[in-house]
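Taking it in order: structure first as structure tokens, then the write-up.
Derivation of every value follows stated rules applied to the coordinates shown; laboratory data play no part. In this text the structure is predicted, and so the values were computed from the model without any measurement. Every residue, glycine among them, receives a Cβ derived from its backbone with ideal geometry; neighbour counts consider all protein chains shown.
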């Protein structure tokens, strides 16, 4: 009975620690929508760097109890650049903001993922629980590499 109470108390503390004002979270998302500084309807690498810096520095205003160091900023830039490379299907060095009613634009899809990854990074660096637990765009590559190395080990001839 006591253990159930402790679990309930711990979970309520965890939920209250991660509680965020939805308007403040919306402010972070608007930063991405305004990232197209030259109004050409494309997100290029220069605009990406500016967005990542601004977004990462604003995360502590929304999520209390976290700080952003220079290392966190560098990590966010590296992660965003890697996500950008993966999203840039045509290797043009830019993502289009042009979408339709049926599908979001490449830039919007990238932005939503980048926002979550950066927020998780800031929390991870500050040793806080990540608000987006299921978001890890790099996990597929780790599983693929691990699976491939196991296959190589199994198929390797054994010499006695």
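Observations on the model:
- When peptides 97-104, 58-65, 127-134 are ranked by their average number of other Cβ atoms within 10 Å per residue, the highest-first order is 58-65, 127-134, 97-104.
- Size check on the range 19-129: the Cα extents along the three principal axes, sorted descending, read 38, 27, 23 Å.
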